[in-house]
Amino acid sequence: MKQIFFFLSFFLLFGCAGYEPLFATKKLSFYIEKIENIKNDNITKNISRNLNVNKSKSDNTKSYILKISSDMENRVAAKNTKGQTSSYEMVVNVKVEVLSTDSELLLKTFNFRRNFNYNNQVNKFNLNQYKNNILQNIINKISQDIIIKLQSL
């Protein structure tokens, strides 16, 4: 009985010691003044839309200009014995150039690469929907990675 009480009190006291999710607070040490899309495709537009949340100016000390370019490639990953495609690989590459707003000098260049393997489906409509969901998830993860990298500058 004493051991149960000890473990219960231990977890109650030390179990939630200041844990806070990374994106729960909107207090960032930077803001994005301008986002330039080098390629005017859907990937860079969606990343810019995700980053526009951090575009509002407040009492932050750092401000950045971002230049974003991206490309996506769908490759055949495997074929079955009949020569038909059984799985694909989606590769998304994003290049982000971070410039200072004062002198517009290049501070840092980040390259993000995400890939995902998925199986072929008979119903092509469902396959397209699945590819779009995968792409949106990859874009969201890259947007979060950009915020994390900017936070560490």
Handout entry: So Gln121, is it assigned to a loop (DSSP other than H, G, I, E, B) and either surrounded by 12 or more Cβ atoms within 10 Å (Cβ to Cβ) or touching a Leu at 6+ places or on another chain (Cβ under 8 Å) (or both)
Key = yes
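When the residues of region 72-109 are narrowed to those that are acidic (Asp, Glu) and either open to solvent by 70 Å² or more (accessible area, probe 1.4 Å) or outside any strand (DSSP E or B) (or both), which ends up modelled with the highest pLDDT?
Within region 72-109, the match that is modelled with the highest pLDDT is Glu73.
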Problem - Answer residue from region 19-41, given it is modelled with pLDDT under 70 and open to solvent by 70 Å² or more (accessible area, probe 1.4 Å) and is farthest from Leu51 (Cα to Cα) among those - result: Tyr19
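At pLDDT 90 or above and aliphatic (A, V, I, L, M), is that true of Val53?
Numbers: at pLDDT 90 or above: no; aliphatic (A, V, I, L, M): yes.
The answer is no for Val53.
The values are calculated or read from the model by the stated rules, or taken from the named source; none is laboratory data. Bear in mind that the values here come from a model prediction, so they are computed numbers and not experimental data. Please note: Cβ atoms are built from the backbone with ideal geometry, for glycine as well, and neighbour counts cover all protein chains shown. Side chains included, ligands, DNA and RNA excluded: accessible areas come from the protein's heavy atoms. Shrake-Rupley method; radii C 1.70, N 1.55, O 1.52, S 1.80 Å.
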